[in-house]
Amino acid sequence: MVSGRVPPSRRPVIIGILNVTPDSFSDGGRYHDFDNALDHATRLVETGADLIDVGGESTRPGAERVPAKKEQGRVLPVIRELIDRGIRVSIDTMNASTAAAALDLGVVLVNDVSGGLADKAMPRLIAESGIDFVAMHWRGHSKNMTQLATYNDVVRDVRNELKHRVAALIVAGVDPAKVILDPGLGFAKTSAHNWQLLGRLRELETLGHRVLIGASRKRFLGELLPEDAPTSDRDPATSTISALAAESGVWGLRVHDVAGTLAALEVWYRWNNGRMPAPRPLGTSAPPPKLPAPSLPTPSSPTQSSPTPSSPSNGRKQQ
Ligand code: PMM
């Protein structure tokens, strides 16, 4: 146990990724094997993951659909064993039948990248089970999603489409308090779209739902690196996003590199604690020292302004 860890209640939930697929872009299908999958998930939990998101269908751009039975053959044995080991599990699926089987095994969350659009039976299942549900922004299946990446203002459009998705889920009987929203980075989004969604995360938060971010090892982070860099080289950029997303108030982070994410969240937490006034020495009645007032812009010297500690670093106006 690492001493002085950020208390889990004071940081975003860390969701460790376990893709039990032979063709995942981000981990090269390494956890398709049952024992490897279990070892990896156990390591992620020992490192600090709060729950493990198990998926059996690749959603990389261009990927073909996997029949639900095949998906279940991949994920259910792993989920059963993880839950037997006392690990909290979420199921990453667009199929209501897979979600239902995983619910019977005891998963605590259903993560549907289609937000309930791909399978009409999903919203009813979520309503009846009362489980937490991740509704990701989605416009179509991986095979043709690249052509669907057209927006007027990506943040406003994604926000509106998510708002309509929540309304449809409520009509199906889903408790809105159970809905977690995800902008769906990389799903019918260009790199520029992803960066805009990250930079303006707070606009999604104004919908009043918990927000989850899945930036981990995605292609837009590969663009920051040499062309032949392995996908794991994207972890430092992912961790930086995790800290910035925490500052933006996200509820959860879906990541491959749990150790790096936790380290980034430690920095974020201590950085914010560093803003607090120093504690008053015992036995003294002096008031605690005041924080220096931030230097505010004056009409005559607009260039002398400096951001207040809570200002977003990108300087964009937040709602
Ligand atoms: N991305 C992938 C798979 N599942 N679920 C949510 N909620 N958000 C995401 O961004 C997301 C997801 C694809 O990435 P992977 O192949 O690394 O799992």
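See the values below:
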| read-out | value |
| --- | --- |
| Tensor-based shape of segment 59-143 (alpha-carbon gyration tensor, a/c under 1.5 rounded, otherwise prolate or oblate) | oblate |
| Amide H partners (placed H, <5 Å) of ASN111, local residues excluded | ILE91, ASP92, THR93, VAL134 |
| Neighbourhood net charge (11 Å Cβ-Cβ; Lys/Arg +1, Asp/Glu -1) for ALA100 | -2 |
| If the convex hull is drawn through the Cα atoms of segment 75-209, its volume per residue in Å³ | 113 |
| Three-way shape label, segment 11-272, alpha-carbon gyration tensor, a/c 1.5 | rounded |
| Under Karplus coefficients 6.51, -1.76 and 1.60, residue-wise ³J(HN,Hα) of segment 57-74 in Hz, glycine/proline x | 9, 5, 10, 5, x, x, 5, 7, 5, 10, x, 4, 5, 5, 4, 5, x, 7 |
| Förster radius 25 Å - calculated FRET efficiency between LYS120 and GLU247, Cβ distance, rounded to 0.05 | 0.10 |
| Ranked THR150, THR21, THR93, criterion: other C-beta atoms within 10 Å, fewest first | THR150, THR21, THR93 |
| In Hz, Karplus ³J(HN,Hα) per residue of segment 209-226 (6.51, -1.76, 1.60; θ = phi - 60°; x = Gly, Pro) | 10, 5, 10, 10, 10, x, 9, 3, 6, 6, 4, 5, 7, x, 5, 8, 10, x |
| Which of ILE180, ILE52, ILE15 has the fewest Cβ neighbours within 10 Å, and the rest in rising order | ILE180, ILE52, ILE15 |
| Virtual spin-label span in nm between LYS69 and GLU223, 7 Å along Cα→Cβ | 4.2 |
| Ranked list, fewest to most other Cβ atoms within 10 Å of each Cβ, for ILE170, ILE79 | ILE170, ILE79 |
| 3J(HN,Hα) from dihedral phi, segment 117-126, Karplus parametrisation 6.51/-1.76/1.60, rounded to Hz, x for glycine, proline | 8, 6, 10, 4, 7, 5, x, 4, 4, 5 |
| Long-range amide H partners of ARG217 with built H, under 5 Å | THR238 |
| Alpha-carbon centroids, segment 200-231 and segment 159-196: separation in whole Å | 15 |
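Coordinate-derived values only; no laboratory data. Since the model is a prediction, treat every value here as computed from it, not as a measurement. Neighbour counts run over all protein chains shown; Cβ positions are idealised from the backbone, glycine included.
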